[in-house]
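The values are calculated or read from the model by the stated rules, or taken from the named source; none is laboratory data. Please read these numbers as outputs of a predicted model, since none were measured by experiment. Here the Cβ positions follow ideal geometry from the backbone for every residue, glycine too, while neighbour counts run over all protein chains shown.
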Amino acid sequence: MTKIYLDNAATTKPSEEVLSVMAKINDQYWGNPSSIHSFGQEAHNVLDESRETVAGFLNCSFDEVIFTGGGSESDNLAIRGLLASGQRSAASGQTPNFLPHVITSAIEHHAVLHTIEDLEKEGLIEATYLKPSSDGEINPLDVQAAVKDNTVLVSIMYVNNETGAVQPIREIGKIIQAINASRGSGVGGQELELQTPNAKLQTSKSAQRIYFHTDAVQAAEFFKMDVEWLGVDLLSMTAHKIHGPKGTGVLYVRKGTPLKPIITGGGHEFRLRAGTENLAGISGLAEAIKAASELKGDEYAETGLSLSPKINKIQTLKERLISALVGQVEETYLNGSTLSSSPAIANISFFNAEGEAIILNLDFLGIAVSSGSACTSTSLEPSHVLSAMGIPPEKAHGSIRFSLSKDTTEEEIDKVIEVLPGIVEKLRQMSPFKTK
């Protein structure tokens, strides 16, 4: 049986080039990069070369790249590290019960959402969770309206991992830069004026700089990752979403951004992440980044989506899948918009058909898909992303996420189009809620 893999938002297959580089590193450069002898220095040179590759990809300085164990760790370091760095006492004139305020969205990956919720439950912060539109997009003006004097961090993801919805990171970045400029605390990036005539600026003496973090894990392969263009202070990404290895990630940290390590020990990674670096994994990440850069090219849409013909081919296959399924199967709905979305992710609900049953039936035929984030695949609760978009549980429970890659073929998409309508019809006939 030929297998078809359409769960690339969970993880991608490591490329042959990545596996070859990692094997070479493990064989020839296995010294500790922190050792001063020749074995260690050779390994350190490899580490430096990888860091330079990442810095070029993000358009940042060499020492603004921090290697981590993956996207979730990068998110935690960004959020917990910033909030533990002294932001609680950074504002002048504050009272002893001052709490830093964090703005995020209700559709974040759980690595962000649960981290902020935990800090809030511990009484360490207050938080605002912004709701998306029915298409799954956050309005930049909602971010602006949520800002308070004690706001120290905004964390909004670049591309949603369940629906593929692209968030207006650049526009949010401009708003934050303008607020920081009004407070006299702008750092980095171009400082701009707010574009709305009724813009509300918080300018009291207690107001302090707002830092901007984005989880860009699902954006790295297809979207512009220039941190200056995005206007972010912190950016998370991981290797295994771009055909690299699992267990290796990056946190970009803009110079001047206060951050306290959450893993302590040695002075690795500019004293921000203790532990001997995973040199093979980091080298694999750098190799995957080189391939992603080649795939994307240099031309981008206003949303940051690459205009590369290779990525357009992925988009075309996704649209073929959506058009066929939503057109052929009754009571089938696309969750989110096709106008501002990842070229590789389609989230479709099949009413009166259980999502997990669809997954198992497809898996029996050798086709791998998911019902949402791999991190919540064992949960019986409806997707928090779809719920935040206003999609009722009876539709959310029948949702399937199809996520494509550069390796996806037209024949694979056509096979899904061929078999899935019959699976859905069979499950609906078995449903106690089927329509007469």
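Observations on the model:
- Within region 254-267, considering residues that are modelled with pLDDT of 95 or more and in contact with a Ser or Thr (Cβ under 8 Å, 6 or more places away or on another chain), the one farthest from His44 (Cα to Cα): Pro258
- Selection count, region 148-184, where residues are among the β-branched types (Val, Ile, Thr) and assigned to a strand (DSSP E or B): 5
- Members of region 35-46 that are out of contact with any Gly (no Cβ under 7 Å at 6 or more places or on another chain) and surrounded by fewer than 20 Cβ atoms within 10 Å (Cβ to Cβ): Ser35, Ile36, His37, Ser38, Gln41, His44, Asn45
- Ile282 surrounded by 17 or more Cβ atoms within 10 Å (Cβ to Cβ), among the hydrophobic types (A, V, I, L, M, F, W, C), over 16 Å from the mean Cα position of the chain (by Cα) and outside the structural domain of Glu73 (by TED's automatic domain parsing): no
- Those residues of region 119-167 which are over 22 Å from Phe402 (Cβ atoms), among the aliphatic types (A, V, I, L, M) and under 16 Å from the mean Cα position of the chain (by Cα), in sequence order: Ile138, Val154, Ile156
- Checking Leu124 against (1) in contact (Cβ under 8 Å) with a residue 60 or more places away in the chain; (2) outside any helix (DSSP H, G or I); (3) not aromatic (Phe, Trp, Tyr), the condition it does not meet: (1)
- Members of region 206-243 found to be part of a helix (DSSP H, G or I), of a type in the set (A, V, I, L, M, F, W, C) and within 15 Å of Phe67 (Cβ to Cβ), listed by number: Ala239
- Single match in Lys318, Lys313, Lys296, Lys246 (criterion: over 17 Å from Phe67 (Cβ atoms), surrounded by fewer than 22 Cβ atoms within 10 Å (Cβ to Cβ), at pLDDT 95 or above and of a type outside the set (Ser, Thr, Tyr)): Lys313
- Among the numbered conditions (1) assigned by TED's automatic domain parsing to the domain that holds Phe223; (2) out of contact with any Lys or Arg (no Cβ under 6 Å at 6 or more places or on another chain); (3) of a type in the set (A, V, I, L, M), the only one that Leu321 does not meet is (1).
- Residue within region 343-355 that is within 24 Å of the chain's Cα centre (by Cα) and assigned to a helix (DSSP H, G or I) present: yes
- Residues in region 335-350 that are more than 14 Å from Ser403 (Cβ to Cβ) and in contact with a helix residue (DSSP H, G or I) (Cβ under 6 Å, 6 or more places away or on another chain): Ser349, Phe350.
- As a summary of the residue check, Asn139 satisfies the conditions (1) closer than 25 Å to Ala346 by Cα; (2) touching a residue at least 40 places away in the same chain (Cβ under 8 Å) except for the one numbered (2).
Quick grid of which residues meet (1) on the phi > 0 side of the Ramachandran plot; (2) more than 29 Å from the chain's Cα centre (by Cα); (3) not in a loop (DSSP other than H, G, I, E, B):
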{"site": "Val21", "(1), (2), (3)": "no, no, yes"}
{"site": "Ile36", "(1), (2), (3)": "no, yes, no"}
{"site": "Phe39", "(1), (2), (3)": "no, yes, yes"}
{"site": "Phe57", "(1), (2), (3)": "no, no, yes"}
{"site": "Asn76", "(1), (2), (3)": "no, no, yes"}
{"site": "Ser85", "(1), (2), (3)": "no, no, no"}
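- Against the criterion of being more than 22 Å from Lys241 (Cα to Cα), assigned by TED's automatic domain parsing to the domain that holds His101 and not in a loop (DSSP other than H, G, I, E, B), Ala43 qualifies.
- Being touching a residue at least 60 places away in the same chain (Cβ under 8 Å) and outside any loop (DSSP other than H, G, I, E, B) holds for only one residue in Gly281, Gly327, Gly266, Gly336, and it is Gly281.
- Filter result for the condition that a residue is outside the structural domain of Gly136 (by TED's automatic domain parsing), over 30 Å from Thr128 (Cα atoms) and out of contact with any His (no Cβ under 8 Å at 6 or more places or on another chain), over Glu394, Glu425: Glu425
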